[in-house]
Amino acid sequence: MSTVEELCAAVAERSGREVRLVPRRMRLGEPSGFVERRADEDIIHFEQETSGLHQAHIICHELAHLLCGHLGEPPAEDEDAAHVELPTIDADMLRLVLGRSHYDGAAEEEAEILGAELTRTLLLAPGDGTTSQLAPALENRKGQHV
């Protein structure tokens, strides 16, 4: 795999759930990425106002949460934010909270380690993907990755 999209497709095939990427400008206080679990898909929201390498790392971190089973079961159809009437709470944030479980320090550490390894794999993969184009920039004069 040489692109984030190919990695997402592999995770989707493994889980049997679509994985969709949504770039967005995160609000102050929001994390740089998060997974929104819906009844039939997982949506990874990630910061659009950052470098391609950082975006890849954010996405890989969120994929790691999925692969490690850190997220709870997706909300049932009747728990979807569209069916809940709380006018003072943003519907997107409500959907996020309904589909997310609390991460403890160990889960974050596990996701960070696996996410970094996934990012590293993309960086070192041959191919035409955005992240693989960065690999030559990370080589020292002897052709070894730093």
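No value in this document is a laboratory result; all are computed from the given coordinates. Model, not experiment: these values are computed from the prediction. Quick reminder, even Gly has a Cβ in these numbers, built from the backbone with ideal geometry, and neighbours come from all protein chains shown.
List of remarks:
- Formal net charge of residues neighbouring V11 (Cβ-Cβ distance under 13 Å; K, R +1; D, E -1): -4
- Summing charges over all other residues whose Cβ lies under 13 Å from the Cβ of H57, with Lys and Arg as +1 and Asp and Glu as -1, gives -3.
- Positive contributions from Lys and Arg (+1) and negative ones from Asp and Glu (-1), summed over other residues with Cβ under 12 Å from the Cβ of P23, come out at +1.
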